Amino acid sequence: MAFQREDILLLFDMDGTLTKSRAVIEDEFKTFLYNEVRPRATIGVVGGSDLEKMFEQLNGQEILQKFDYIYPENGLLQYENGVEVGRESISQYLGEEVLQRFINFVLRYLSEITIPIKRGTFIEFRNGMLNVSPIGRNCSVAERKQFFEYDRANYIRQRMIDVLKNEFQDVDLTYSIGGEISFDVFPNGWDKTYCLKHATKGTSFKEIHFFGDKTDPGGNDYEIYMDSRTIGHKVSCPDDTIHQLKELLKI
Ligand code: M1P
């Protein structure tokens with residue numbers, strides 16, 4: 001391809017794309033990425049995990065030098081050329097008044113429902129989202145499985161989300177049931193497409209390619225994979241990412 005490095009941005013999801021799920025990046029992939037890919041294209045990583053998790057899976061703080069762009073938490077934190085250039089949080093974005101109205105409503109709602117088991121930590125406050133769990137996050141593994149089955153039959157989470165959507169029509173929030181005992185709540189657009197507004201600011205990439213494995217509807221790569229600003233690549237595993245990069249860059 002006749003592009004210069006600064007003409008083309010390759011953005012990678014982490015889990016399942018650069019690394020096997022929750023595993024550390026393979027040496028072979030690192031060598032290929034840094035020696036073969038980076039001289040030909042600008043490279044970035046965007047993940048739902050925080051920066052510490054990225055350090056763990058991508059071989060430590062060297063990524064600050066090796067990747068041009070690093071976007072933990074879908075880009076709520078932004079590192080460019082090894083330097084933090086910005087950060088955003090749900091508390092800053094919503095403001096304390098809205099946040100407390102939401103938290104108070106959730107706690108009141110949960111105090112008024114009866115389910116087979118309740119434990120503790122019904123709301124986990126994270127930088128970019130609230131995680132709400134009707135049973136409570138500090139349930140045991142067995143209790144987790146039990147709640148999951150109960151919820152499948154009784155739609156506890158979906159019913160709660162319907163009530164919240166109705167109550168908070170004035171706040172632009174997305175509700176997502178991704179796991180077994182909880183659901184995530186975050187501002188609209190705070191999926192992986194969030195990083196694109198930073199990646200495109202003051203740059204003039206001719207092409208932005210995104211590589212991810214969870215690109216089907218409901219997957220956390222879906223929105224950025226489908227976004228009109230990117231050319232999406234669905235990969236099945238890190239080896240497939242290497243294979244598709246070789247084809248794209250004619251290596
Ligand atoms: O990754 C999917 C979900 O995993 C966990 O959900 P749960 O504890 O309900 O199984 C949470 O980390 C949640 O935020 C996440 O979306």
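General observations
- For the chain, the longest principal axis of the C-alpha atoms and the axis of helix 238-249 are separated by about 40°.
- For the stretch 123-151 and the stretch 164-215, distance of Cα centres in Å: 21
- With respect to the chain, whose longest principal axis is taken over its alpha-carbon atoms, helix 141-154 is tilted by about 70°.
- What you get for the chain, charging only the Cβ of Lys and Arg (+1) and of Asp and Glu (-1), is a dipole of about 260 debye around the Cα centre.
- Global form of the stretch 146-251, assessed from the alpha-carbon gyration tensor, a/c cut-off 1.5: oblate
- Three-way shape call for the chain based on the alpha-carbon gyration tensor, with the a/c threshold at 1.5: prolate
- Options 4, 211, 106, ranked by Cα towards positive dipole end of the chain, top entry (Cβ charges): 106
- Exposure proxy for 186, 55: other Cβ atoms within 10 Å of each Cβ, ordered fewest to most, give 55, 186.
- With 31 Å as the limit on Cα-Cα distance, the pairs of 118/234; 20/192; 66/165; 118/192; 20/197; 145/246 that go past it are 118/234; 66/165; 118/192; 145/246.
- Theoretical gain in end-to-end length, residue 148 to residue 91 [0.36 nm per residue, Cα-Cα removed]: 17.6 nm
- The stretch 1-119 - charge dipole about Cα centre, Lys and Arg +1 at Cβ, Asp and Glu -1, debye rounded to 20: 440
- Scaling against 2.2 N^0.38 Å puts the C-alpha radius of gyration of the stretch 1-78 at 1.04.
- Sorting 237, 139, 195 from the fewest to the most surrounding beta carbons within 10 angstrom yields 237, 139, 195.
- For the chain, the antiparallel share of DSSP beta bridges with both residues in that region comes to about 50%.
- Applying 1/(1 + (r/R0)^6) with R0 = 51 Å to the Cβ-Cβ distance of residue 108 and residue 207 gives a FRET efficiency near 0.55.
- Size of charge dipole - the stretch 128-178 - debye, nearest 20, with Cβ of Lys, Arg +1 and Asp, Glu -1, no other charges: 260
- Exposure proxy shown here: for 54, 226, 14, the number of other Cβ atoms within 10 Å sets the order, fewest to most, as 226, 14, 54.
Taken together, the values in this text are just the output of simple stated rules run on the coordinates, not laboratory data. Keep in mind it's a predicted model, so treat the numbers as computed, not measured. In this analysis, Cβ positions are derived from the backbone assuming ideal geometry, glycine residues included, and neighbour counts consider all displayed protein chains.
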